[in-house]
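The values are calculated or read from the model by the stated rules, or taken from the named source; none is laboratory data. Predicted, not measured: the structure shown is a model, and the values here were computed from it. Note that we place each Cβ from the backbone using ideal geometry, even for glycine, and neighbour counts take in every protein chain shown. For the accessible areas, the whole protein counts, side chains as well, though only heavy atoms, and no ligand, DNA or RNA atoms are used. Shrake-Rupley method; radii C 1.70, N 1.55, O 1.52, S 1.80 Å.
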Amino acid sequence: AYSHCFLVPFITAYLIWKNRGDIATLPSVTSWKGLILLGFGAVLFWLGELGAEYYTLYISLWLTTVGLCWMHLGSSKLKLISFPLAFSLTMFPLPYFLNTTIALRLRIISSKLATFMIQSLCLPVYRQGNIIDLGFIKLQMLEACSGLNYLISLLVLCLLLSYQLQARLWKKVYLVLSAIPLAIFANSIRITLTALLSYLFGTDVAEKFYDSF
């Protein structure tokens, strides 16, 4: 789900480099206000080390970086690179409890929608929780099948596209939010096709070739 994280630093660097002309025209003004973020970053680092919570350490790193930029570049230049800095937050994996909660909800929604699609194909199907029983095969919606990888990747992509889009704010927000139903629908289609291929060609095709494909 977080394989895109390795690309985010390079994209962030490119977005900053793209605005290098505007950044160069503004003077760098030292601002001691950045110490506030540095202080918060230090506190979160201390808490993250004590609690062994990685996400707290990630946010600590981000706050420290932004604080240093604020101190050395000033608020005017910081505003020009505000989106790239905010976008860089997407390279940090979500906390485990939040990741598990979202994945569970996505599994339930995807299994319900997939059951409806399978019934539309006139195939006998029975759903119990996250298990879809077709009689000849049972499809269990594991955490890896939740569609969370679709959702996070699409959200990051739509966020980047909305920044490049020359449109009103509501259109940009709509573009980002559209990733949620799109990811759920794509995952439900995948589950439905798995059931259909199992019915037509046997379970080996669906479990081996199609799942990898």
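Checking Leu106, Leu89, Leu98 one by one, the residue that is under 30 Å from Ala24 (Cβ atoms) and either open to solvent by 60 Å² or more (accessible area, probe 1.4 Å) or not polar (S, T, N, Q) (or both) is Leu89 and no other. With the structure loaded, tell me whether Pro9 is in a helix (DSSP H, G or I) and in contact (Cβ under 8 Å) with a residue 24 or more places away in the chain or whether it fails that test. Yes; evaluated as a whole, the condition is true for this residue. Of all residues in region 75-95, those that are of a type in the set (D, E, K, R) have Cβ atoms under 8 Å from Cβ atoms of residues that are open to solvent by less than 50 Å² (accessible area, probe 1.4 Å) and modelled with pLDDT under 95, 6 or more apart or on another chain, in Lys77/Ile23; Lys77/Cys69. Restricted to region 27-55, and to residues that are open to solvent by less than 60 Å² (accessible area, probe 1.4 Å) and modelled with pLDDT under 90, which residue is farthest from Leu68 (Cα to Cα)? The residue in question is Gly51. Filtered by the rule that a residue be of a type in the set (A, V, I, L, M, F, W, C) and closer than 15 Å to Leu200 by Cα, region 126-142 gives Leu134, Phe136, Ile137. Screening Ile152, Ile132 for residues that are surrounded by 15 or more Cβ atoms within 10 Å (Cβ to Cβ) and part of a helix (DSSP H, G or I) leaves exactly one candidate, Ile152. Of the residues Leu63, Leu73, only one is surrounded by 15 or more Cβ atoms within 10 Å (Cβ to Cβ) and under 20 Å from Ile11 (Cα atoms); which? Result of the check over Leu63, Leu73: Leu63. Going through (1) open to solvent by 50 Å² or more (accessible area, probe 1.4 Å); (2) more than 24 Å from the chain's Cα centre (by Cα); (3) at pLDDT below 80 one by one, Leu193 falls short only on (3).
Scoring Arg127 on the criteria (1) in a helix (DSSP H, G or I); (2) buried (at least 17 other Cβ atoms within 10 Å of the Cβ) leaves a single failure, condition (1).
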